[in-house]
Amino acid sequence: MCGIVGYIGSNQAAPVLLDGLSKLEYRGYDSAGIAVRDGGSATEIIKEKGKLRVLAEMTDNGKAVKGTCGIGHTRWATHGEPSAVNAHPHSSDDGNVIAVHNGIIENFQEQREKLIKKGYSFKSQTDTEVAVKLIDYYYKKYSQLPVEAIARAMVRIRGSYALCVMFKDYPDQIFCARKDSPMIIGIQNGESYVASDVPAILKYTRNVYYIGNMEIAKLERGNVTFYNIDSEEIEKPLTEIKWDAESAEKGGYEHFMLKEIFEQPKVIRDTINSVVNNGTVHFSEVQLTDEEMQDINQVYIVACGSAYHVGVAVQYVIEELTSLQVRVELASEFRYRKMTLNPKSLVIVISQSGETADTLAALREAKDQGIKTLGIVNVVGSSIAREADNVFYTLAGPEISVATTKAYSCQLVAGYLLALQFAKARNEIDDEKYQALLEDINTIPEKVDRILEDRERVQWYASKLINVSDSFFIGRGIDYAIGMEGSLKLKEISYIHSEAYAAGELKHGPISLIEEGTIVIAVVTQDALTEKTISNMVEVKSRGAKLMAVTTTGKYFLEDTAEFTCYVPKINPLFAGSLAVIPLQLLSYYVSIGKGFDVDKPRNLAKSVTVE
């Protein structure tokens, strides 16, 4: 959601802060601000409602603000409307404490009332201002060091937060604290950085620390000291980020989303190669042994959004290849369900960022019940990666566009490989079938590339949908799962109302919505279900629907039924979703472009949902 950047070093801070915040625009925001210290105790705070370019214009791209230590923030409104007053940074009444904050403080009203009784006044409606003044209160009351004051405040704050704090008495230091909201700290050549996500500082350093839950950090020039909640100094390992700075840039593409769509062949191949060697899947890095797989008799897949759609597709693959029972759960529901999990189960949580709040909470619920957990994540060192018993890293690289494409495809392939290894470890498929399936998985990158080469046909059809207000996606089995993802893509970046239905459910209500000119997009890749899906297509066509079909090259000719048919290469039906989703991604992209929308930053959405 919100974005944080902090810097202390020998260069001017404001340009670094603005540059870092620009790399976090994809997270979604409604206002922005920076606070920069000029080497003494004086601090200049500039903040405004609207896009980051407004702040850049106010400060001549940061050149007008002098100082080598500062913090910046892009805000997504939770408490209080979008405004300059509610924008971060916030300060204590006398400017002693200045801070930015990601997350939600649940007991802010209670703490606010206590602070008002202590003589504090409040300018904004935000929960963040409460945290700032609570820290200031403990700093002054106990004449303590910043770390102790922050620790006392952390104990009394309920909710989630990533805090960056500056104290007037410590002009060459930045203090950070974290609970549940993501935060990383980087160092390079005598300079220190803090950010809520890797792309913000990737240009400057790839050497980072991951601050843990209920921990505090003190940043100085080129040095970081960490403390636990008891203010005791602790050691943290330095990690190298493998992404390069160029991978977080557009690289000549008009939009990040288009760039990321075209990166899919490479990143799918990278993800496959991370666990496949000499014709065999090796899960030594995942640290999930064959013996552990044999002992599992129930799988729960828990995720949100597109990652949930991955889970629905992977459910079909696991259940066809093994005797395992699989349940797919929305993380936002799973975390509040009062159910006892099968003790011999595996909970698989899927998240690109590894910080999705509901998914992380579901992981912790599973661990509290003593259930084995596996995270499928894209970000090394993220909270899910650190807390899950086992981790399968997808190698999608940084994904900047809010609408996921390449991370989704890598998660899907990771699920295939997991299903395949489960089947082999449990002796539920023979070597011949194992090799045939693995060979099919290995063809996915090349086949995705072929689909992308034919993108102009999809672009042409997308131009016909620009003025459409409603659409429906239908499919059966895995095709239904892919339709769910296609529907989400279309609605989130083109703002066209769209719903996905299992095709067999049409007669149970949804068909009443079909009228002359309604757009219906059918995904038809499952051989055993093709005839039934075609029957459903004929049903909606007879009621006036205009049909698009995505199908595999084969014996079924859909041109007579569909107005437009997009063919994808033949592959084992279990893996056809990896191909069928590509035209749907392209369709959504080109419709959004045709409507003149900001593809990479759709309204009301954020890349990583780190609060409820």
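With label points built 7 Å along Cα→Cβ from the Cα atoms of GLN144 and SER469, find their separation and express it in nm.
Taking the two extended label points, one gets 5.9 nm.
Around TYR209, under 13 Å between beta carbons, what's the net of Lys plus Arg minus Asp minus Glu among the other residues?
With Lys, Arg at +1 and Asp, Glu at -1, the neighbours total +2.
Around LYS367, what is the net charge, scoring Lys/Arg as +1 and Asp/Glu as -1 over all other residues with Cβ under 14 Å from its Cβ?
Charge balance in the 14 Å sphere: 0.
How large, in percent, is the carbon and sulfur part of the accessible surface of the chain at a probe radius of 1.4 Å?
Answer for the chain is 46 percent, counting heavy atoms of protein chains only.
Any idea what diffusion coefficient the chain gets from Stokes-Einstein, in µm²/s, Kirkwood Rh on alpha carbon pairs, 10 °C, 1.306 mPa s?
62 µm²/s
For the chain, what is the mean residue ellipticity at 222 nm derived from helices alone (per DSSP H run of n ≥ 4: -39500 (n - 2.57); sum divided by total residues; nearest 500 deg cm²/dmol)?
-10500 deg cm²/dmol
Over the Cα atoms of the stretch 1-107, Rg to Rh with Kirkwood Rh, two decimal places?
0.94
What whole-number distance in Å separates the alpha-carbon centres of the stretch 25-76 and the stretch 380-437?
One Cα centre to the other: 40 Å.
Using amide H atoms built in the peptide plane, which far-off residues or other-chain residues are under 5 Å from GLY159 H to H?
Hits under the 5 Å cutoff: GLU106.
So what is the orientation-averaged projected area of the stretch 538-604, using the convex hull of its C-alpha atoms, in nm²?
Hull-based average projected area comes out at 6.5 nm².
What size of dipole, in debye to the nearest 20, comes out for the stretch 63-110 about its Cα centre when the only charges are +1 on Lys and Arg C-beta atoms and -1 on Asp and Glu C-beta atoms?
Here the size comes out at about 440 debye.
Take the alpha-carbon positions of the stretch 93-195, form their convex hull, and give its projected area averaged over all directions (one quarter of the hull surface) in nm².
Value for the stretch 93-195: 6.5 nm².
Pairs to check: LYS23/LYS140; LYS236/LYS601; LYS63/LYS595; LYS464/LYS532; LYS447/LYS546; LYS123/LYS179. Give those whose C-alpha atoms are more than 30 Å from each other in this structure.
Cα-Cα > 30 Å for LYS23/LYS140; LYS236/LYS601; LYS63/LYS595; rest within.
Send over the Kirkwood Rh of the stretch 251-296, from the inverse of the averaged 1/r over different Cα pairs, rounded to one decimal Å.
That comes to 13.1 Å for the stretch 251-296.
I need the calculated FRET efficiency for the pair ASN207 and MET58, taking r as the beta carbon distance and R₀ as 35 Å, to the nearest 0.05.
0.60
Toward the positive end of the charge dipole of the chain, about the Cα centre and with charges on Cβ (Lys, Arg +1; Asp, Glu -1), which of ALA313, ASN102, THR356 goes farthest?
After comparing all options, I get ASN102.
Under Stokes-Einstein, with the Kirkwood radius over Cα pairs standing in for Rh, what whole-number D in µm²/s applies to the stretch 350-420 at 20 °C and 1.002 mPa s?
For the chosen part, D equals 174 µm²/s.
To make sure I understand the rule: partners must be aspartates and glutamates, Cα under 16 Å from the Cα of LYS118, and not fewer than 8 residues away in the same chain. Which ones qualify?
Of all the aspartates and glutamates, those that pass the test against LYS118 - Cα under 16 Å, at least 8 places apart if same chain - are ASP93, ASP94, GLU110, GLU129, ASP136.
Compute the acute angle (0 to 90°) between the alpha-carbon long axis of helix 530-541 and the principal axis of greatest extent of the alpha-carbon atoms of the chain; round to the nearest 10°.
Around 80 degrees separate the two axes.
In debye, nearest 20, what is the charge dipole magnitude of the chain about its Cα centre with +1 on Lys and Arg Cβ and -1 on Asp and Glu Cβ, if you could check?
Value, rounded to 20: 1400 debye.
Assuming 0.36 nm per residue, please report the length gained on full extension of the stretch TYR336 to HIS508 beyond their Cα-Cα distance.
In short, 59.0 nm is gained.
Based on the Cβ-Cβ distance from GLN325 to ASN277, what FRET efficiency comes out when R0 is 45 Å, to the nearest 0.05?
0.90
One quarter of the convex hull surface, Cα atoms only: what value does that give for the stretch 210-306 in nm²?
One quarter of the hull surface, i.e. the mean projection, equals 11.9 nm².
Calculate, for GLU439 and GLU81, the FRET efficiency according to 1/(1 + (r/R0)^6) with r their C-beta to C-beta distance and R0 51 Å; round to the nearest 0.05.
0.35
Provide the gained length on full extension for the span GLU446 to GLU499, in nm with one decimal, where the gain is 0.36 nm per separating residue minus the Cα-Cα distance.
Taking GLU446 through GLU499 to full extension adds about 16.0 nm, to one decimal.
Once the Cα atoms of helix 108-117 and of the chain are each reduced to a long axis, what angle between those two axes, in degrees from 0 to 90 to the nearest 10, is obtained?
Between helix and principal axis, roughly 10 degrees.
Could you work out the per residue convex hull volume over the alpha carbons of the stretch 261-374, in cubic angstrom?
In the stretch 261-374, the Cα convex hull volume per residue is 123 Å³.
On a 0 to 90 degree scale, rounded to 10, what angle separates helix 577-595 from the longest Cα axis of the chain?
Once rounded, the angle reads 60 degrees.
What is the spin-label model distance, in nm, from GLU106 to GLU453 if the labels are put 7 Å beyond Cα along the C-beta direction?
Distance between label points: 5.5 nm.
The values are calculated or read from the model by the stated rules, or taken from the named source; none is laboratory data. Since the model is a prediction, treat every value here as computed from it, not as a measurement. Cβ: placed from backbone, ideal geometry, glycine included. Neighbour counts: every protein chain shown. Keep in mind that these areas ignore ligands, DNA and RNA; they rest on the heavy atoms of the full protein, side chains included. Shrake-Rupley method; radii C 1.70, N 1.55, O 1.52, S 1.80 Å.
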